[in-house]
Amino acid sequence: MRLTGKILLITGAGSGIGRATALLAAREGAQVAVADLNMDAAEETVSLLPNGGLAMRVDVGQSADCARMVQEVVARYGRIDILCSNAGYGIQGDVVSTAEEDWDALFRVNVKGVFLCAKHVVPVMRRQGGGAIVNTASNIAIIGLRDRAAYVASKGAVDSLTRAMALDHVADGIRVNAVAPGPIGSPYFDRMIANAPDPAEFKRVLDSRCPMQRLGLPEEVAKVIVFLASDDASFVTGATYVVDGGGVVM
Ligand SMILES: NC(=O)c1ccc[n+]([C@@H]2O[C@H](COP(=O)([O-])OP(=O)(O)OC[C@H]3O[C@@H](n4cnc5c(N)ncnc54)[C@H](O)[C@@H]3O)[C@@H](O)[C@H]2O)c1
């Protein structure tokens, strides 16, 4: 029960890593507010929480949505102890094949979304005397990946922003860290596998590229996010924790 009494706000928690984190945080005693672009998915996550929660339809790339989200959480719970900025998505393409509007749309969610959530949450945490923020970056921000130029760059920005925020808000008692997951078996990968010409062969190739011969589980990332959010990580700030089973062998 490492999060007993804590109020945790998590974005992109209608699915995958975010949902697994919401569930684990609730089992650790947190009250969880779930924000997602997909309201049905957010409500489904809340329905799975043992102690209930708050579901909100939020586009993290919209400042007004982020402001309303923070107001709603404070109105319901009175404070925000933990922010997990997890919403994000990837697209394929190198710098030539990536359309400019697709680059802008992805940066609006993956980077501006992290900025906007923090912009609205940090003043609340400051007033309370502290808090913890965990952003979801990616291991490919560090090791790179072919044909994912916009996504790799966006996660590099999340990684750097995490370190900048950690220094800016350390005196406010706010710790800011990131997780950098490797390939995690989430609906994103499920869709990619299902759409492959030979799904079983594609899954075999994906697994064989992982040193542990398998994709990670959303729950394995959730455990690290919950650690970083908890007081067990009281001397950890500005860190990016890689959770990738040893990287990817290409
Ligand atoms: N799955 C992986 O292998 C992997 C690896 C590294 C990093 N990540 C990162 O982890 C995070 C979660 O990924 P996942 O695999 O669980 O993905 P997912 O697609 O299962 O879940 C992402 C959720 O974010 C929501 N979302 C998308 N755009 C949004 C927006 N504008 N505002 C609010 N919510 C929005 C979606 O509706 C969805 O519910 C993402 O930031 C992703 O880039 C994933």
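Derivation of every value follows stated rules applied to the coordinates shown; laboratory data play no part. Computed from a predicted model, the values in this text were never measured in an experiment. Ideal geometry is used to build each Cβ from the backbone, glycine not excepted, and the neighbour counts take in all protein chains shown.
Residues checked against (1) over 27 Å from His169 (Cα atoms); (2) within 10 Å of the ligand (Cβ to nearest atom); (3) in a helix (DSSP H, G or I):
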{"position": "Ala22", "(1), (2), (3)": "no, no, yes"}
{"position": "Ala26", "(1), (2), (3)": "no, no, yes"}
{"position": "Ala35", "(1), (2), (3)": "no, yes, no"}
{"position": "Ala42", "(1), (2), (3)": "yes, yes, yes"}
{"position": "Pro50", "(1), (2), (3)": "yes, no, no"}
{"position": "Ala64", "(1), (2), (3)": "no, no, yes"}
{"position": "Met69", "(1), (2), (3)": "no, yes, yes"}
{"position": "Ala75", "(1), (2), (3)": "no, no, yes"}
{"position": "Thr98", "(1), (2), (3)": "yes, no, no"}
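Using the structure shown, decide if Lys119 is within 10 Å of the ligand (Cβ to nearest atom), of a type outside the set (A, V, I, L, M, F, W, C) and surrounded by fewer than 24 Cβ atoms within 10 Å (Cβ to Cβ). Spelling it out, it is not the case that Lys119 is within 10 Å of the ligand (Cβ to nearest atom), of a type outside the set (A, V, I, L, M, F, W, C) and surrounded by fewer than 24 Cβ atoms within 10 Å (Cβ to Cβ).
When the residues of the range 223-237 are narrowed to those that are more than 16 Å from the chain's Cα centre (by Cα) and assigned to a helix (DSSP H, G or I), which ends up nearest to the ligand (Cβ to nearest atom)? The qualifying residue nearest to the ligand (Cβ to nearest atom) is Ala233. Restricting attention to the range 141-179, the residues being of a type in the set (Gly, Ala, Ser), under 16 Å from Val242 (Cα atoms), touching a residue at least 24 places away in the same chain (Cβ under 8 Å) and not in a helix (DSSP H, G or I) number 1. Taken as a whole, the range 207-222 holds no residue that is assigned to a strand (DSSP E or B) and over 23 Å from Cys84 (Cα atoms). Residues that are surrounded by 16 or more Cβ atoms within 10 Å (Cβ to Cβ) and more than 12 Å from the ligand (Cβ to nearest atom) were ranked within the range 158-171; the one that is farthest from the chain's Cα centre (by Cα) is His169.
Examine the range 123-140 for a residue that is in contact (Cβ under 8 Å) with a residue 24 or more places away in the chain, aliphatic (A, V, I, L, M), buried (at least 17 other Cβ atoms within 10 Å of the Cβ) and in contact with an Asp or Glu (Cβ under 6 Å, 6 or more places away or on another chain), and state whether such a residue exists. Within the range 123-140, one or more residues are in contact (Cβ under 8 Å) with a residue 24 or more places away in the chain, aliphatic (A, V, I, L, M), buried (at least 17 other Cβ atoms within 10 Å of the Cβ) and in contact with an Asp or Glu (Cβ under 6 Å, 6 or more places away or on another chain).
Of all residues in the range 183-208, those satisfying the criterion of being among the charged types (D, E, K, R), within 15 Å of the ligand (Cβ to nearest atom) and exposed (fewer than 15 other Cβ atoms within 10 Å of the Cβ) are Asp190, Arg191, Asp207. When restricted to residues that are surrounded by fewer than 24 Cβ atoms within 10 Å (Cβ to Cβ) and more than 10 Å from the ligand (Cβ to nearest atom), the range 1-20 contains 7.
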